[in-house]
Amino acid sequence: MERPRHQGMAKNTYMRWRLPLVCLLWEVAMIVLFGVFVRFSPEADAHWEEEKRQMNLTSDIENDFYFRYPSFQDVHVMIFVGFGFLMTFLKRYGFGAVGFNFLIAAFGIQWALLMQGWFHSFKSGKILIGVENLINADFCVGSVCIAFGAILGKTSPIQLLVMTLFQVTLFAVNEYILLNLLHVRDAGGSMTIHTFGAYFGLTVTRILYRPNLEQSKDKQGSVYHSDLFAMIGTLYLWMYWPSFNSAISEHGDAQHRAAINTYCSLAACVLTTMAFSSMLQKKGKLDMVHIQNATLAGGVAVGTSAEMMLTPYGSLIVGFICGIVSTVGYVYLTPFLESRLHIQDTCGIHNLHAMPGLIGGIVGAVTAAAATEDVYGKEGFIKAFDFTGMYRTRTASVQGGFQAAGIVVSLLMAFAGGALVGAILKLPVWGDAAAENCFEDDIYWEVPEDEESDVYHMHNPDKPASP
Amino acid sequence: MERPRHQGMAKNTYMRWRLPLVCLLWEVAMIVLFGVFVRFSPEADAHWEEEKRQMNLTSDIENDFYFRYPSFQDVHVMIFVGFGFLMTFLKRYGFGAVGFNFLIAAFGIQWALLMQGWFHSFKSGKILIGVENLINADFCVGSVCIAFGAILGKTSPIQLLVMTLFQVTLFAVNEYILLNLLHVRDAGGSMTIHTFGAYFGLTVTRILYRPNLEQSKDKQGSVYHSDLFAMIGTLYLWMYWPSFNSAISEHGDAQHRAAINTYCSLAACVLTTMAFSSMLQKKGKLDMVHIQNATLAGGVAVGTSAEMMLTPYGSLIVGFICGIVSTVGYVYLTPFLESRLHIQDTCGIHNLHAMPGLIGGIVGAVTAAAATEDVYGKEGFIKAFDFTGMYRTRTASVQGGFQAAGIVVSLLMAFAGGALVGAILKLPVWGDAAAENCFEDDIYWEVPEDEESDVYHMHNPDKPASP
Amino acid sequence: MERPRHQGMAKNTYMRWRLPLVCLLWEVAMIVLFGVFVRFSPEADAHWEEEKRQMNLTSDIENDFYFRYPSFQDVHVMIFVGFGFLMTFLKRYGFGAVGFNFLIAAFGIQWALLMQGWFHSFKSGKILIGVENLINADFCVGSVCIAFGAILGKTSPIQLLVMTLFQVTLFAVNEYILLNLLHVRDAGGSMTIHTFGAYFGLTVTRILYRPNLEQSKDKQGSVYHSDLFAMIGTLYLWMYWPSFNSAISEHGDAQHRAAINTYCSLAACVLTTMAFSSMLQKKGKLDMVHIQNATLAGGVAVGTSAEMMLTPYGSLIVGFICGIVSTVGYVYLTPFLESRLHIQDTCGIHNLHAMPGLIGGIVGAVTAAAATEDVYGKEGFIKAFDFTGMYRTRTASVQGGFQAAGIVVSLLMAFAGGALVGAILKLPVWGDAAAENCFEDDIYWEVPEDEESDVYHMHNPDKPASP
């Protein structure tokens, strides 16, 4: 059934040549660049037997693959199922949520392997990749998925691909400044992933402000089953977050500790989210939006400090606070940002990623500044903050200062980058939908007909299908 | 839209102050207790480098994290997605199933870390936690999720939190008696988790008997898509059960063997469930209730013996029997329990956990009693049953006797504890719903409006939304 | 409610005695055969302590369990959730998709443990099983799930069980010829799993050709939420495919490399699928059928070569091509196969498994033929292709020839086996449905009543349920 209503509107959302062209050209570019630059790391190369001897490894189990692959797969699920399904809560935008998330993440990980590779794994003209690179690429794309949350339902797939291209680039630059120049610790990415990704996305959505968005207000809600689909995303993010925050920590105690701290923070966060969700409603009922999102804030907020000696009770305190901050944000701040600052934040990433990300940066700075050789042990202290080489004289309090500087740099990169990319996305060539067609899969997807006969007569085959 | 029908009823289900108060106070208590008691185990502490030297470990891969973390994550998925989605089968109680399961499990794991910690990981005044403690906390909470299945749809979130507080406490006591005093083996928890959890829940639901529950009978069924959501829960429980039963077994062969035995038992169980589901219906059609539940009974029933030399064919036999017992239970026993014994068991946990749990305890006792040095090897025999220290003279048949005693203790603890907790939950202060509002999310959740316009005009935007 | 329309039709679909009989008899046969043949491998046996000394292993972490168990669990999820939910896209066949997939996979893994065991793990009259056998059994069943995709909605559960019995047997024979007689490498199963499984299934569906299938054409589509359920299957297959292709590769670099290559190929495949899905539609909209299926072709097509030095950019090229081939197949080839060759392929396995499987076999042959000691290192070359013992003089180009022979053998086995099994399934005794009842759960399942009152008055309890 043709629906002429969508043809010939003010906006041209026809994707037939534009989307394929972008996808194919960019993928060809990836192939050329991978051909020139990307090779296997020694641990994934067939020369590994010789490498093993050289590194004095006695067993294949010492291959980094066995330290990190299970965590990698958990992170992978978070990016594709976690973020993808979390955003299916909208009643008519499930295909776009899962499908576009799939598209931009699949492109983004390739571009991230290159960008992060040039900065971090570049040896004699080649980028050498192993399982840790795959995790980092997924991490980088995580920040794109976050920004996607702010503009969900309002952009074309081409806009999303353009944003991904730029955001991955800026992510890699910001990450390089933080990790290499400032020598900041941020294994779970409170600053590099969440603070950067969220404020980047919020800046983009501010610039793409749509004054007439209330025309599609009826589609910006959920239905019963779409809320359950979203809970699949929520739970996978929540359950696997300990893997996320520990995935690239040092082998041994650091990975172990990061998982425990994250587990504790997330558990506390659920309780305060439920408490405030009920408390802030006149009727005292729980709101699925809060449960789907604010319960995850505790994972965001220990992203920097989870691998440090934050301790389980410290983690509980962080989770406790973030559940409150995030839920209060959904109730009071999101409407305020929209009405006063013209920031239309579809998924409320300001509450789930921006504020908890900032808190995470601060908690990380404080935890680092408070570190002592007594708590970490002499060797543990050096290992935890990598105080070796040119950083061997750095003290805990100086490290705390650099951690704080990392927050500021991430914010500045996010605002500047978001403004630039927002301006590019505002060009009238990318095929975004008119305000009245936002939050509607029908614009970019073949949507199956849910005819009345299906709903009514599904199990009453005797009744005629069309009366 | 206000629905005055739910205000001013016989029952006051208003949660606005009660639920937040309980959540916040209890979480503060957790923080204080964690602050006083909980620290990292040596393998998660920054002093690990020194510890490693002391333990003569040559590689970080020897950290317990790498032996158990993948299994932990699988168990974590079972608790939150497995149990949560298994219970979404009810047509109007999906939010409560997933959401309340999330709430009580998130609280329960914290309280379990403390309770189990005091009994099992208490050293010089501190509880030292590592990945094995996280698994055990998830296990403990598993027994609460089981009990939740019996009272699903009939209790308020506060009642569930109160039940969790008490059940976790009693679980830890029962576990201590079995594992430490009786020196019983129960790695997959046939006795400690399933028998205890299920009979506890059945006792609670007996005491909370609602004579007028048929008033909400129309809501106690499933719809097409809710049955598919439930299958997500079923399959994750089924697939990851080998991880569950092997998660805390001894390193090496015991973990390996437990996974294989569980895999076999579960496979056989599917076949007999399908067979009896079809056979027991006049029309010979399969019933999703059986597929969703009885297929899992094989995992429950090798919970004690999976790490023993049960052998693959022994596992098939156990699975074969349990698929039959469980399916027959759903068809004949559940209605009998409800009409004659006034046990209203929403999810049929008697068939999925109680009977298979008992079978599992018995199979464990018999397998232990039949163990010989010939089958296990001299060292293997000692290692499998930990016949060291004060138990070094215990024989296999004596061990079998103690295993059997463990079943009895678990049953007694379940009945006594369930009676006590049921009596507490019967107090008229917890805000449970009236009989006609059971199995209905609307009481405790903001439920999105599924207006006719959504169903009808979803893909017919030309038609007006409200006629 | 009885529905007499389905009784007394031309076809007798009554399962009450036939299905239970098959399930119970076959499961008893499994128990007997397991009792006679199946024991634990040394690494899962309680004698492991002695074994460890004998093998000079210093740590339990050297147990194969820790090398492969995380990958096994990922593969397990792919078989049961991945394939199961991928096939729920049909509007009225979700129970059959998930439920029958569950049934045949649970039976198939048991029979595969025996069949593959006799060929590969048979020592002194016993089949010794460990985690690698579990993975291989899941792999074998994967080929059955693929074939199931071709006949989805058109066969009775008994037919599916009969097909499973034969297909597993033939799979094991074919695998033995390839891996042992031809000494072919095929760790991810492009030939043994995908080419064999898909052409087997296509041959079966050709023989079971239903000329009147258009009578159920209205049921052969999707609805909005069934497409989202299918995306759960798609994403889990996509995310875990790196584990699939690396699960049984050699320890160390080979597993590591296989995961990276697969990750790259799948990422590229998403981009070209999206491009061609949009390009091949007049309206330029994306089609969920393509996104659900063609995005996975990249994983199929590196099944043979992923563990080789295919390199990341080689993987991107393979993924690039397969996304195109598979999407074009869905648009043009599937209708052609149905109208001209009478091959009714419900899920389009020809596009997702058959063609990409063939490409995978060819890519594997070329990659093997092109291998040099320079690229692999002297030791790495021997290890990668296992050029030891009687194969120590085989050259790379000869290996390439044998790989190509493997494709031909797999095709022949698939056609011959499929013809045989198709003929058996055509016998009028298995209870398949009439053409007008295909793609309809109602024939074999108790389907809950979705009464109008549920849809309409779900959240309007004030309105009467039946007007």
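Please get the size of the charge dipole for region C:213-294, origin at its Cα centre, with Cβ charges of +1 on Lys and Arg and -1 on Asp and Glu, quoted in debye to the nearest 20. Kindly include the intermediate steps, with their values, before the conclusion.
Working: 6 positive and 6 negative charges, 68 e Å.
Rounded to the nearest 20 debye, it is 320 debye.
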Practice prompt. At a Cα cut-off below 19 Å, give the aspartates and glutamates reachable from residue A:426, other chains included and same-chain residues fewer than 8 away excluded.
Written response: A:338, A:345, A:436
Response to the item:
Rounded to the nearest whole number, the Stokes-Einstein translational diffusion coefficient of region C:294-355 at 25 °C and 0.890 mPa s (Kirkwood radius, C-alpha pairs) in µm²/s is 201 µm²/s
Item to complete: Just tell me how shielded B:36-45 is by partners: mean number of partner chain Cβ atoms within 10 Å of each residue's Cβ, no decimals.
Response: 5
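Can you give the calculated 222 nm mean residue ellipticity of the protein assembly as shown, where each DSSP H run of n ≥ 4 adds -39,500 (n - 2.57) and the sum is split over every residue, rounded to the nearest 500 deg cm²/dmol? Write out the running numbers ahead of the final one.
Working: 57 runs with 824 residues, N = 1401.
After summing the helix terms and dividing by the residues of the protein assembly as shown, the value is -19000 deg cm²/dmol.
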Response to the item:
For residue B:378, inter-copy label-point distances (7 Å, Cα→Cβ), nm, shortest first, read 4.5, 4.5
Worksheet item: Using a simple charge model, +1 on the beta-carbon of Lys and Arg, -1 on the beta-carbon of Asp and Glu, nothing else, what dipole does region C:69-426 show about its Cα centre, in debye to the nearest 20?
Response: 840 debye
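Taking K and R as +1 and D and E as -1, what net charge do the other residues with C-beta under 15 Å from the C-beta of residue A:420 add up to?
On the way: positive: A:206, A:426; negative: none.
Overall, the nearby charge balance is +2.
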Item to complete: Specify which residue in the list C:270, C:233, C:93 is farthest towards the positive end of the charge dipole of region C:69-426, using unit charges on the beta carbon of Lys, Arg (+1) and Asp, Glu (-1), about the Cα centre.
Response: C:93
Worksheet item: Cross-link partners among aspartates and glutamates for residue B:91, C-alpha distance below 13 Å, same-chain residues fewer than 8 apart left out?
Response: B:218, B:227, B:440, B:441, B:442, C:449, C:450, C:451, C:454
Worksheet, complete the sentence: With residue A:372 itself left out, Lys, Arg at +1 and Asp, Glu at -1 over residues whose Cβ is under 15 Å from its Cβ give -1
Worksheet item: Relative contact order for region C:69-426 using alpha-carbon pairs under 8 Å, separation at least 6, rounded to a whole percent?
Response: 23 percent
Worksheet item: Over all pairs of distinct alpha carbons, what does the Kirkwood formula give as the hydrodynamic radius of the protein assembly as shown, in Å?
Response: 31.5 Å
Worksheet, complete the sentence: Sorted largest first, the Cα spans of region A:106-206 on the principal axes come out in Å as 43, 26, 18
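Determine the alpha carbon to alpha carbon distance for each of B:378/C:126; A:52/B:383; A:217/A:285 and list only those over 27 Å.
Violating the 27 Å limit, Cα to Cα: A:52/B:383.
Short version: what are the Cα gyration tensor semi-axes of region C:69-426, square root of 5 times each eigenvalue, largest first, in whole Å? Show your work: numbers first, answer last.
On the way: eigenvalues 193, 111, 64 Å².
Sorted largest first and rounded, they come to 31, 24, 18 Å.
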Worksheet item: Residue by residue through region B:367-376, which ³J(HN,Hα) values in whole Hz follow from phi under the Karplus form 6.51 cos²θ - 1.76 cosθ + 1.60 (θ = phi - 60°), with glycine and proline marked x?
Response: 4, 5, 4, 8, 5, 9, 5, 4, 6, 9
Worksheet item: Between residue C:21 and residue B:338, how many nm apart are label points set 7 Å from Cα along the C-beta direction?
Response: 3.4 nm
Worksheet item: Smallest Cβ-to-axis distance in chain C, for the rotation taking C to A: which residue, how many Å?
Response: C:70, 3
Discussion item. Net charge within 11 Å of residue B:158 by Cβ-Cβ distance, Lys/Arg positive one each and Asp/Glu negative one each, not counting residue B:158 itself?
Written reply: 0
Worksheet, complete the sentence: A student applying the Cα gyration tensor rule (rounded when a/c is under 1.5; otherwise prolate if a/b is larger than b/c, oblate if not) would label region C:24-99 oblate
Worksheet item: Shortest first and in nm to one decimal, what separations exist between residue A:56 and its copies in the other chains, measuring from label points 7 Å along the Cα-to-beta-carbon line?
Response: 1.9, 1.9
Worksheet item: Rounded if a/c is under 1.5, else prolate if a/b beats b/c, else oblate: with a ≥ b ≥ c from the C-alpha gyration tensor eigenvalues square-rooted, which is region C:188-345?
Response: prolate
Worksheet, complete the sentence: Distance in nm between residue C:119 and residue B:173 label points, each 7 Å along Cα→Cβ, equals 5.8 nm
Worksheet entry | Sequence of B:392, C:257, B:16 once ranked by neighbouring C-beta atoms within 10 Å, starting from the fewest | B:392, B:16, C:257
Discussion item. Under the rule a/c < 1.5 gives rounded, and otherwise a/b versus b/c splits prolate from oblate, where does region A:164-250 land using the Cα gyration tensor?
Written reply: oblate
Fill in: Other-copy label distances relative to residue A:12, 7 angstrom Cα-Cβ extension, nm
6.5, 6.5
Worksheet, complete the sentence: Amide H neighbours of residue A:127 at under 5 Å, excluding residues fewer than 5 places away on the same chain, with H built from the backbone geometry, are A:38, A:39
Fill in: Separation of the residue C:378 and residue C:57 label points, Cα + 7 Å toward Cβ, nm
3.0 nm
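Read-outs: derived from the displayed coordinates by stated rules, not from any lab. Keep in mind the model is a prediction, meaning the values are calculated, not measured. Quick reminder, even Gly has a Cβ in these numbers, built from the backbone with ideal geometry, and neighbours come from all protein chains shown.
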